[in-house]
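Working notes, structure below.
The values are calculated or read from the model by the stated rules, or taken from the named source; none is laboratory data. Keep in mind that what you see is a predicted model, and the values were worked out from it rather than measured. With ideal geometry, Cβ positions are generated from the backbone for all residues, glycine too; neighbour counts draw on all protein chains shown. Note: accessible area is taken over every heavy atom of the protein model, side chains too, but ligands, DNA and RNA are not part of it. Shrake-Rupley method; radii C 1.70, N 1.55, O 1.52, S 1.80 Å.
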Amino acid sequence: MEMIERNPASGIYPASPDYIHALEVRHPTRLLFVSGTMGLDQEGMAGVDLDGQLELIWSNLRTILASADMTVDNIVRLTSYLRDGAFVEANQDARLRALGGRAVPTTAIIVETLSDDWLVEIEIVAAG
């Protein structure tokens, strides 16, 4: 499988170090579509704060990916659902740490979550 960043140099606003316009995935043999994953522990309890929930989310995503013999290196698309716009920077920092600085197409959306203690939810698409 080959991944090629697509960031046109003209005719569109520039990409930033943590953002790419598109990622072309050539010859994947498998696709994994992961539901919105929350910062819940094994008992279904939300982490006490945003950082705790982000840590749990990425741990949960790594567990889901591992069940498909994949890692975060297989992530080709990510959408974050944030309860508050003030969470953008912490979410970005957690994503960059989790992906080792690798940029993937990403979108962040401000939403009302189904439960007041859910601060962020992340869904991904992975290819292998």
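How many residues does region 1-36 contain that are part of a loop (DSSP other than H, G, I, E, B), closer than 16 Å to Thr106 by Cβ, in contact with a strand residue (DSSP E or B) (Cβ under 7 Å, 6 or more places away or on another chain) and aliphatic (A, V, I, L, M)?
Qualifying residue count, region 1-36: 1.
Taking interchain pairs and intrachain pairs at least six residues apart, which have beta carbon atoms under 9 angstrom, with the first residue in region 21-34 and at pLDDT 95 or above and the second loosely packed, with under 10 Cβ neighbours inside 10 Å and not in a strand (DSSP E or B)?
Every condition considered, the pairs that remain are His21/Ile12; His21/Tyr13.
Give me the residue from region 80-109 that is basic (Lys, Arg) and assigned to a helix (DSSP H, G or I) and, out of that set, surrounded by the most Cβ atoms within 10 Å (Cβ to Cβ).
Residue satisfying both the conditions and the ranking: Arg95.
Take region 45-79 and flag every residue that is more than 24 Å from Pro28 (Cα to Cα) and either open to solvent by 40 Å² or more (accessible area, probe 1.4 Å) or among the polar types (S, T, N, Q) (or both).
If the condition is that a residue be more than 24 Å from Pro28 (Cα to Cα) and either open to solvent by 40 Å² or more (accessible area, probe 1.4 Å) or among the polar types (S, T, N, Q) (or both), then Met45, Val48, Asp49, Asp51, Gln53, Glu55, Leu56, Ser59 are the ones that fit.
State whether the residues of region 82-93 include one that is touching a strand residue (DSSP E or B) at 6+ places or on another chain (Cβ under 8 Å) and more than 21 Å from Ser16 (Cβ to Cβ).
yes
With (1) over 17 Å from Arg95 (Cα atoms); (2) not in a strand (DSSP E or B) as the list, and Leu61 as the residue in question, which single condition is left unmet?
Leu61 satisfies all of (1) over 17 Å from Arg95 (Cα atoms); (2) not in a strand (DSSP E or B) except (1).
Could you please give the count of residues in region 110-125 that are over 12 Å from the mean Cα position of the chain (by Cα) and open to solvent by 20 Å² or more (accessible area, probe 1.4 Å)?
Residues flagged as over 12 Å from the mean Cα position of the chain (by Cα) and open to solvent by 20 Å² or more (accessible area, probe 1.4 Å) within region 110-125 amount to 9.
Give the residues of region 1-41 that are open to solvent by less than 70 Å² (accessible area, probe 1.4 Å) and acidic (Asp, Glu), sorted by residue number.
Across region 1-41, the qualifying residues are Asp18, Glu24, Asp41.
Name every residue in region 67-88 that is closer than 19 Å to Thr113 by Cα and more than 13 Å from the chain's Cα centre (by Cα), in order of residue number.
Arg83, Asp84, Gly85, Ala86, Phe87
I'd like the full set of residues that are without any contact (Cβ under 8 Å) to a residue 60 or more places away in the chain and either more than 21 Å from Ala108 (Cβ to Cβ) or of a type in the set (D, E, K, R) (or both), limited to region 50-73.
Asp51, Glu55, Arg62, Thr63, Ala66, Ser67, Asp69, Met70, Thr71, Asp73
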